Amino acid sequence: MSSYADLIVINGRIKTMDPRRPNASALAVSGGEIVAVGDRAGVEDLRGPGTRLIDAQDCSVLPGFIEGHMHLFSGAAELAHLQLAGVHGADALAVAVREYAKSRPEMPLLVGQGADYTILGDRAVTRHDLDRIVADQPLVLVAPDHHTAWANTAALERAGILQGRQVGPGNEVVMGEDGLAAGELREGEAFGPVLALAGEERARLGLSTGGEPDPAPTPEQRARDRETIRRGLEWCARHGITSSQNMDGNLYQLELLSEIEQAGGLLCRTKIPFHFKNFMSLDMLEKASMMAARYRSEWLSSGMVKMFFDGVLDSWTAVMIEPYADRPDWRGDALFTKEQFEAAVVEADRRGLQVAVHSIGDGAVRGVLDAYEAARLANGKRDSRHRVEHIEVTTAADLPRFRELGVIASMQPTHPPGADGFPLEPTVSRIGEARWPYAYPVRTLKEAGARIVFASDWPVAPIDPIRGIKAAMLRKPWKEGLPDQRFSLDEAIAAYTTGGAYAEFMEHRKGMLKPGYLADIVVLSGDIDSQPREMLADIHPVTTICGGRITYAQ
């Protein structure tokens, strides 16, 4: 190896996240790794004729952000959809949809993303509302959480569900008084046939079935899918992300990413799980083991099983211990039976696989912790680092179990109602005031000893980690006397760096800027320490470096 560095960063306010040397002003990279961190004079000794020099101009330099929960393929596909975040009222919705539709008369399905549950005020959207906007072209609006959709009559007819559809537990085609579908579709089995009209089903397979495309894609389709994923990787790099932990997956995604890597286009280290669904038998986990064995590099890996225990609060599909505050006869349906779920977790754990489970309601969180405890009893204690995803409501009794079981709390700081533009209603009323002290309890969990990892759940929320850091620092209680769930700046950055590295067993290789670690680095446009907290999101990445290679430059 050359004695000269490939790349040097100078004049930086470097936050290394290494407690033994938290700050520096320069660093050097060679062979995809960090080889020196210190002051400019010492680092510039490694500068040679071919060394690339980056002047950080007295701005912050951080470890590359690790996105702990996202959906790369489907999120990338949605970049071309109508974005409805911030749109409220029938008139504004009509203007946005018609403007979008004007230049897309041949689209088989118009898709609007990020439609608030309260986009028309305090009443549910119906197919008739959407028919008044667009009647002759299929239209669907998707909620930010991606667990509810609203379709017009043309979309319901084309998808064959205007008369209703039999679906599994936790899913519902809401029916109207006229005996026809009202337009609201809860969970994937209900809205899947509508979204399939868009011709983008391969991007959703990792979520919808966990299976492979059938029939096999043509070479042209495969090339289009690679291009879609490339757009998603570019979106990650633009936001300073150097590692992504995906929460849906199949073998097809790994194959596409491997092809992109071979062509030199993998801009972000990517982890893809096997998605275990409630209709699968335990022997399907052999495929998860195969994926783990085949893909295990520092650039592309598997080794994780993703599951869904429940849905979401806003559509009453999250599983609660006690009934919903605004629906006193309903607790929500689990997507697995207790026996089926625990058997899957125990078998995945026996195979040495990490498990990550979508768990929104306190009943779901408890059910998942119970299964992790059952796996420990069945297979023995090990460093499994199993994960609970979201944890929007829990209980005092379950808080200490995270530490006791070594379970990671994977949370999204932009998701609490009132944070980063998410509306308070209907969520806070659905939870009920008695459960507010244990809702989105990120600091409460941290103080109970849980390991915290932050993420956006993109495309559920904007992917930008700096928006997540801001939301974590500025979160306000819904009522005086509730626990303060805010994080400090360094705590929030750690949840996007060292916390994310720990979550994928890579704390010895990334999450910090120190010699011997991977050269995953983000240079920001300002000093994140001195920037007013309210203005934090004005700071953005100007250079992203992954494995010593510049993957984004402003």
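Only the coordinates and a few stated rules stand behind these numbers; no lab work does. The structure displayed is predicted, hence computed values, not measured ones. Every residue, glycine among them, receives a Cβ derived from its backbone with ideal geometry; neighbour counts consider all protein chains shown.
With each pseudo-label sitting 7 Å past Cα toward Cβ, what's the residue 476-residue 52 distance in nm, one decimal?
4.4
Which distance in nm do the two modelled labels at residue 3 and residue 530 give, with both placed 7 Å along the Cα-to-Cβ direction?
It is 3.8 nm.
Nearest 10 degrees, 0 to 90: what angle lies between the long axis of helix 219-238 and the longest principal axis of the chain (Cα atoms)?
The angle comes out near 60 degrees.
What percent does the relative contact order of region 369-456 come to when contacts are Cα pairs within less than 8 Å and at least six residues apart? If you can, show how the numbers build up before the last one.
Numbers: 115 pairs, mean separation 31.3, N = 88.
Across region 369-456, relative contact order equals 36 percent.
Decide, for region 423-468, between rounded, prolate and oblate: order the square roots of the alpha carbon gyration tensor eigenvalues as a ≥ b ≥ c, take rounded if a/c falls under 1.5, and otherwise choose prolate if a/b is larger than b/c, else oblate. Numbers along the way, then the final one.
Values: a/c = 3.12, a/b = 1.14, b/c = 2.75.
Because a/c hits 1.5 or more and a/b fails to exceed b/c, region 423-468 counts as oblate.
Report ³J(HN,Hα) in whole Hz for each residue of region 103-109, in order, from the Karplus equation J = 6.51 cos²θ - 1.76 cosθ + 1.60 where θ = phi - 60°; Gly and Pro get x.
Once θ is set to phi - 60°, the couplings for region 103-109 become 9, 9, x, 9, 5, x, 7 Hz.
Would any residue of region 426-460 have its amide N under 14 Å from a label point 7 Å out along Cα→Cβ of residue 326? List them or say none.
In region 426-460, the label zone of residue 326 (backbone N under 14 Å from the point 7 Å along Cα→Cβ) covers 426-433.
Would you please classify the overall shape of region 109-198 from the alpha carbon gyration tensor, given that a ≥ b ≥ c denote the square roots of the eigenvalues, rounded means a/c under 1.5, and beyond that prolate means a/b larger than b/c while oblate covers the rest? Intermediate values should be presented prior to the final figure.
Values: a/c = 1.20, a/b = 1.08, b/c = 1.11.
Since a/c stays below 1.5, the shape of region 109-198 is classed as rounded.
Could you tell me the distance between the Cα centroids of region 442-512 and region 525-554, to the nearest Å?
18
Could you work out how far helix 362-379 tilts from the main Cα principal axis of the chain, as a 0 to 90 degree angle to the nearest 10?
Result, in degrees: 60.
Shape verdict for region 287-327, please, from the Cα gyration tensor: rounded (a/c under 1.5), prolate (a/b greater than b/c) or oblate. Write down the numbers at each step before the final one.
Values: a/c = 5.61, a/b = 3.83, b/c = 1.46.
Prolate shape, in that a/c is at least 1.5 and a/b is the bigger ratio.
So if each residue of separation counts as 0.36 nm, and I subtract the Cα-Cα distance between residue 351 and residue 41, what length gain in nm does that give?
Values: separation 310, 0.36 × 310 = 111.60 nm, distance 5.00 nm.
Separation in residues times 0.36 nm, less the Cα-Cα distance, equals 106.6 nm.
At 222 nm, what value in deg cm²/dmol follows for the chain if DSSP H runs of at least 4 each add -39500 (n - 2.57) and the sum is divided by all its residues, to the nearest 500? Before the final figure, lay out the partial values.
Numbers: 18 runs with 168 residues, N = 554.
It lands at -8500 deg cm²/dmol.
Label points 7 Å out from Cα along the Cβ direction at residue 549 and residue 175: separation in nm?
It is 5.5 nm.
For a Förster distance of 22 Å, can you work out the FRET efficiency between the beta-carbons of residue 484 and residue 403, rounded to the nearest 0.05? Can you show the working numbers first?
Working: r = 20 Å, r/R0 = 0.93.
The computed FRET efficiency comes out at 0.60.
Taking Cα centroids, how far is region 109-148 from region 346-423 in Å?
One Cα centre to the other: 32 Å.
What is the distance in Å between the Cα centres of region 221-282 and region 150-166?
Result: 31 Å between the Cα centres.
If the chain between residue 540 and residue 128 were fully stretched, how many nm would it gain, using 0.36 nm times the residue separation less the Cα-Cα distance?
Values: separation 412, 0.36 × 412 = 148.32 nm, distance 4.18 nm.
Contour length minus Cα-Cα distance gives 144.1 nm.
How much length, in nm to one decimal, is gained on full extension between residue 338 and residue 381, taken as 0.36 nm per residue of separation minus their Cα-Cα distance?
Numbers: separation 43, 0.36 × 43 = 15.48 nm, distance 2.15 nm.
Length gained between residue 338 and residue 381: 13.3 nm.
Can you put 435, 222 in order, fewest other beta carbons within 10 Å first?
On the way: 435 21, 222 17.
Ascending Cβ contact count within 10 Å gives the list 222, 435.
Could you grab the relative contact order for region 109-198? Cα pairs under 8 Å, six or more apart, rounded to a whole percent.
29
Find, among the GluC sites (Glu not before Pro) in region 51-147, those assigned to loop by DSSP (not H, G, I, E, B) with at most 10 other beta-carbon atoms within 10 angstrom. If you can, show how the numbers build up before the last one.
On the way: sites: 67, 78, 99, 106; in loops: 106.
Those that pass, being in a loop and sparsely packed, are 106.
Normalised by the residues of the chain, what does the relative contact order come to in percent, with Cα pairs under 8 Å and at least six apart?
Working: 1247 pairs, mean separation 93.5, N = 554.
Reported relative contact order: 17 percent.
Determine, for each peptide in 84-94, 230-240, 285-295, the mean count of other beta carbons within 10 angstrom over its residues, then list the peptides with the highest first.
230-240, 285-295, 84-94
Please express the Cα-Cα pair-distance distribution P(r) of the chain as a list of whole percents, one per 20 Å bin, running from 0 to the bin with the greatest distance.
22, 56, 22, 1
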